[in-house]
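Here the structure is laid out as structure tokens; the discussion comes afterwards.
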């Protein structure tokens, strides 16, 4: 089951997750294509925008219990590279955050927080 979460993918809708127990890493791509690792632990909430490439892996605790929250009907489908590049959600993300021009614009994490790298997520990060 974990292997599918570790493959780079995107979702066509915003992903909101709340960590009930344990911990793990959400990895997202910045505007230059480098990975940003966000550590989520019990009590942490993460909002990942639609169209951003991401993956997830456990940390050394080897356990996480999280819920995904939906605003409407749940859509669980993951879309993988390179086919996902053509999806409207990916194109909208690229347009919104300027990820096609190296060094121009901000990725979702920078836009939300004003920082270049996030190592630890203790309570909340909004990426929208």
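Just so it is clear, none of the values below were taken in a lab; they were calculated from the coordinates. Keep in mind the model is a prediction, meaning the values are calculated, not measured. Methodologically, a virtual Cβ is constructed for each residue, glycine included, from the backbone with ideal geometry; neighbour enumeration extends over all protein chains shown.
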request  = For residues that are out of contact with any helix residue (DSSP H, G or I) (no Cβ under 8 Å at 6 or more places or on another chain) and crowded, with 19+ Cβ neighbours inside 10 Å, scanning just region 30-57, find the one that is farthest from residue 78 (Cα to Cα).
outcome  = 44
query = When region 70-84 is examined, which residues are found to be farther than 11 Å from residue 12 by Cα and surrounded by 12 or more Cβ atoms within 10 Å (Cβ to Cβ)?
reply = 70, 80, 81
